[in-house]
Structure formats: C-alpha cells, structure tokens
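Notes follow once the structure below has been shown.
The values are calculated or read from the model by the stated rules, or taken from the named source; none is laboratory data. Bear in mind the structure is a predicted one, so any value in this text is a computation, not a measurement. Cβ coordinates were reconstructed from backbone atoms using ideal geometry, including for glycine residues, and neighbour counts include every protein chain displayed. The accessibility values were calculated without ligands, DNA or RNA, using every heavy atom of the protein model including side chains. Shrake-Rupley method; radii C 1.70, N 1.55, O 1.52, S 1.80 Å.
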Amino acid sequence: MSIMHSNSFDIRQLEAFAAVMSAGSVTGAARLLGRSQPAVTRLIQDLEADIGYALLHRSGPRISPTARGLLFHAEVERHLASLAHIRERANAIGLDEPPSLTIAATPSLAAGVLPQAISAVAPDLIPRHLHVQALAAENVVQAVLARSADLGISSLPLEHPGLDVHWIAEAPCVVALAANDPLADDEMVRLSDLAERRIITLANPYRLRHRIDEALERAGVAPQRMIDVNASLTALTMVRAGLGVAIVEPATVCGVPLEGIVMRVLDHTIPFLFGAISPAAMPLTPTVAAVIDAARAVALAMPGCRLHEAGGVEALADTVYGGSPMTEDVPS
C-alpha cells in the first residue's frame, strides 16, 4: 500500500477532517466550516487518497473513525493548534506584545495553582492569547518535550534529559470532609478513623495513589468501599454529595474551595510532589519566568508545603516511588 501520495497536505483537508471528528457527521462539519456537504466529503476523500488509507467507516449516512483515523486525528489536532499558535505569535511580534503562551498542567494544578499564579503576574506580561491545557501528568511531560507547551506544572516523576526542572514542591495530602461530618470537629484526622468509611481518592497507581495505599496499609486500614477518580475536583464534589471522605492532594482543596467541604490534616504524612518544567536549554521568556515564580509562591502557600532542590529529582526517587522515610507518622 502506498502512503503519502503528495509531499504536503492541503490545510482545508485537515480542517475538514478535524471538523468531522468534532461534529460527528459530515453535515455537522459542513455547518461548522460554512461549506457544502459535498465539498467536505470531497476534501475527506482527497485526504484519504493522499495518505493511502481510510480515516472513516461509512455505513449509509453514519460515519465513525477507523483505528488509523483516531491516531491520525491526534496528529491533526496538534498540527492545527501549532498553526494557530504560529499565527498568534506572528501577530504578537508585529504588535511588539508578549508572545502567546501555552501552559500544560495536571487538572488539580491547573485548577488549584495556575489561576492564582497567572493573576499574580504583571498585566503587561500576560499575552493576548493564553492557552491552558489540563492533561494527565504523563501527557504534560510529553507536551513540554514536544514543545507544544511552553511550560508544564505536574506531579513527579519528572526526570527526563529533555526537561529543565525549575522547582519541586512537596505538600502533605489532606482529607476532605463534609462540613457536618463528625470528624470535621477534629484538627487532625487519623487514618484509622477512616477504616469503616468509603474512601474517595485518585486512581493512577504510578503516582500519588500508591503512596496513599502504602499509608493506609501502615495504619492497618483496609477500606472495603472505595471510589477511584482521575481528578481531585471530582473527589471533592463526591464528598459534598455525601458519598464518602476523600484523601487528595491539597492544591485543589486550597485553590478551589467548595462550600460545605472542610480540609483536615492527616496523622500520616502522604507526600504530594510536583514541579514546574520547561523544554531543556530553551531560554525563558519574561512571561514564562514570571509564571514559574508565581506558581512557586502559590505552592508554598499550601499548608505544610516545602521546596526541594530543583536539581535533586533523582534523590526524591524513594519518595516518588515508595519506601520513603518522609511517610512516617505525624506525632499527635
């Protein structure tokens, strides 16, 4: 099978394919693009002929992406976003304005740290176009490595030769409770007090979750009922709905306080480690440098947060992957 019959893509073909994927139909894509349905159909057919394989399954009026179509769509999205950013940056250069900025962060840090950090940056450093992407931690790293993001704020691990790590912060996890929960009257909550409760916490076993599981095991707690979520804000809304108590990182609780939810410290320290990263050896613009500094200040405002040496990522391996002495009991 021959692939790529032409050396370059027609941007209209890529836009047509992206619109079909977004709208779920050729008719919807035609409305989005302001084109006729036959025109969009022809652009998709020409694109498939150019790359040499089908992007869409067709069954009468119904369409669905092929497996290759799904993979190709991810590349098209990145390409179209890059073109849009080039246009934004070209305009900023012409107007002598700060260039557009793309920040990638995990959902908890995008919600709990970035808004306050950006608001603390001098207004003349804020670009006309600012893009914030809430991504899984692994995708934050990949976005910065691919330079589709100028800056990343993510949980550890972050060690990679293609990254510059500007700061690393460690903050203890907290328990989020409904305001009327009997445990809300205590300044410190013991993990053993949660033995009979439904515990809501994060699902990713390769980051924070395994440290939470280790702490529960040391406390002799084997939860019979748990809810796994992929974002701390989801956990907090479930607590507010009366579904349980949540063990989460403190960024979301501090940065996005919810009415009816209170935060309490735990008698076991469960470290949440996160940091700011940028592409290695890339000079920082004044805006990026300012956001990095402001995000560090916001992080340090979290209860119990402290900084580690940015160059000491490898030394934190035990804390990141488990077995760290920093997870000992907190004296009551």
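Can you spot a residue in the range 126-133 that is open to solvent by less than 10 Å² (accessible area, probe 1.4 Å), closer than 30 Å to MET238 by Cβ and touching a strand residue (DSSP E or B) at 6+ places or on another chain (Cβ under 8 Å)?
no
VAL175 - would you say it is buried (at least 16 other Cβ atoms within 10 Å of the Cβ), of a type in the set (Val, Ile, Thr) and under 19 Å from GLY304 (Cβ atoms)?
Yes.
I need the full set of residues from the range 169-197 which are more than 25 Å from ILE292 (Cα to Cα), of a type outside the set (D, E, K, R) and not in a helix (DSSP H, G or I), in order please.
Correct list: VAL175, ALA176, LEU177, ALA178, ALA179, ASN180, MET188, VAL189, ALA195.
Here's a check for you: in the range 1-57, which residue that is among the aliphatic types (A, V, I, L, M) and open to solvent by 70 Å² or more (accessible area, probe 1.4 Å) is modelled with the lowest pLDDT?
Checked the range 1-57; the qualifying residue modelled with the lowest pLDDT is MET1.
Scan the range 279-297 and give yes if some residue there is out of contact with any Pro (no Cβ under 8 Å at 6 or more places or on another chain) and in a strand (DSSP E or B), otherwise no.
yes
It is to be established whether one or more residues within the range 99-114 are of a type in the set (S, T, N, Q), more than 19 Å from the chain's Cα centre (by Cα) and either closer than 26 Å to PRO250 by Cβ or surrounded by fewer than 22 Cβ atoms within 10 Å (Cβ to Cβ) (or both).
Checked against the condition, which is being of a type in the set (S, T, N, Q), more than 19 Å from the chain's Cα centre (by Cα) and either closer than 26 Å to PRO250 by Cβ or surrounded by fewer than 22 Cβ atoms within 10 Å (Cβ to Cβ) (or both), the range 99-114 yields at least one hit.
Going by what's in this entry, would HIS166 be described as open to solvent by 50 Å² or more (accessible area, probe 1.4 Å), out of contact with any His (no Cβ under 8 Å at 6 or more places or on another chain) and in a loop (DSSP other than H, G, I, E, B)?
no
Quick one: in the range 33-58, which of the residues that are assigned to a helix (DSSP H, G or I) and without any contact (Cβ under 8 Å) to a residue 24 or more places away in the chain is farthest from SER100 (Cα to Cα)?
PRO38
Output the residues belonging to the range 59-78 that are in a helix (DSSP H, G or I) and either of a type in the set (D, E, K, R) or open to solvent by 80 Å² or more (accessible area, probe 1.4 Å) (or both).
Passing the criteria: ARG68, LEU70, LEU71, GLU75, GLU77, ARG78.
Given the conditions (1) surrounded by fewer than 18 Cβ atoms within 10 Å (Cβ to Cβ); (2) within 17 Å of PRO250 (Cβ to Cβ); (3) modelled with pLDDT of 60 or more, and given that ALA295 satisfies all but one, which numbered condition is not satisfied?
For ALA295, the failing item is (1).
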